[in-house]
Amino acid sequence: MATEKELVALGVLIRDAFALAPYPGDDNIAPHECDECEELREAFRRKDWRTIDPGTVRKNYDKLVLLTHEARRSFLPAYLLVSLKEFSSENDVLEFTIYNLCPEANSRWFRDAERQDYERKRRAVFSERERADVVAFLELAKRDIKDMFTDAARGLRWWSAWARRAISGGVDGTRTRGLRRDRPAL
């Protein structure tokens with residue numbers, strides 16, 4: 001099981017990596033015109049992931065899927081940090097955050113090229129550092145949350161494959177030095 005030191009260290013890395021994640025704008029939080037998305041827009045409007053109340057995240061534990069690509073990037077750190085506060089399979093925020101980071105690679109639905117393109121675009125808005133910390137979060141979940149091992153492993157394969165393409169120059173055509181930066185051992 002993750003130690004308090006590991007959870008705190010990962011929280012520090014997430015805060016550092018997402019420090020520059022921009023607010024998506026009041027009109028770019030949830031794109032649908034429905035009551036559920038309107039409630040989500042109202043809850044997240046003019047909020048920053050650093051200042052959003054953890055109770056708001058808990059109330060909207062299953063709503064990451066409704067956010068625009070940019071809003072997902074902007075608010076994901078709040079979900080990751082609330083997940084780390086109670087790092088167990090009893091935490092609905094943790095469970096649904098892992099689900100959101102895990103496209104259904106084995107389903108017929110995901111085999112559709114349009115859906116794969118959508119998922120790539122959702123992931124492409126993240127910086128290398130942000131993606132590295134999503135990978136670190138999923139690694140810890142895979143290791144320690146046995147009830148979510150399969151989903152965390154699937155998400156880890158998806159995000160890690162993207163990271164390998166980024167390192168080899170396959171994402172934007174430019175070579176990078178890699179996603180891993182000097183970080184405290186977890």
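Here, each number is a calculation from the coordinates, and none is a lab measurement. Given the structure is predicted, the values throughout are model-derived calculations rather than measurements. Using ideal geometry, Cβ is built from the backbone for each residue, glycine included, and neighbour counts are taken over all protein chains shown.
Using θ = phi - 60° in the Karplus curve 6.51 cos²θ - 1.76 cosθ + 1.60, the 3J(HN,Hα) couplings for the stretch 62-71 round to 10, 9, 3, 4, 8, 6, 5, 4, 5, 5 Hz; x is entered for Gly and Pro. Between residue 8 and residue 86, the modelled label-to-label distance comes to 2.1 nm, taking each label 7 Å out from Cα in the direction of the beta carbon. Residues within the reach of a label modelled at residue 118 (point 7 angstrom out along Cα to beta-carbon, backbone nitrogen below 18 Å), restricted to the stretch 48-80, are 62-73.
Pair-distance distribution of the stretch 116-160: all C-alpha pairs, bin width 10 Å, starting at 0; shares per bin in whole percent are 30, 49, 21, 0. Debye-formula intensities of the stretch 4-168, expressed as log10 I(q)/I(0) at q = 0.16, 0.20 Å⁻¹, are -0.93, -1.49 (one equal scatterer per alpha-carbon, no solvent).
For the stretch 1-62, the Stokes-Einstein estimate of translational diffusion at 10 °C and a viscosity of 1.306 mPa s comes to 117 µm²/s, using the Kirkwood hydrodynamic radius over alpha-carbon pairs. Of all aspartates and glutamates in the structure, the ones whose alpha carbon falls short of 14 Å from that of residue 146, not counting any fewer than 8 places away in one chain, are 90, 95. Put simply, the amide H of residue 68, placed in the peptide plane, has neighbours under 5 Å in 30, leaving out anything fewer than 5 places away on its chain. About its Cα centre, the dipole of the stretch 10-159 is roughly 560 debye, where the only charges are +1 on Lys and Arg Cβ and -1 on Asp and Glu Cβ.
Considering only alpha-carbon pairs that sit under 8 angstrom and 6 or more positions apart, the relative contact order computed for the stretch 4-168 is 23 percent.
Here the Karplus curve 6.51 cos²θ - 1.76 cosθ + 1.60, taken at θ = phi - 60°, turns the phi angles of the stretch 149-159 into couplings of 3, 4, 5, 5, 5, 5, x, 4, 4, 5, 6 Hz, with x standing for Gly and Pro.
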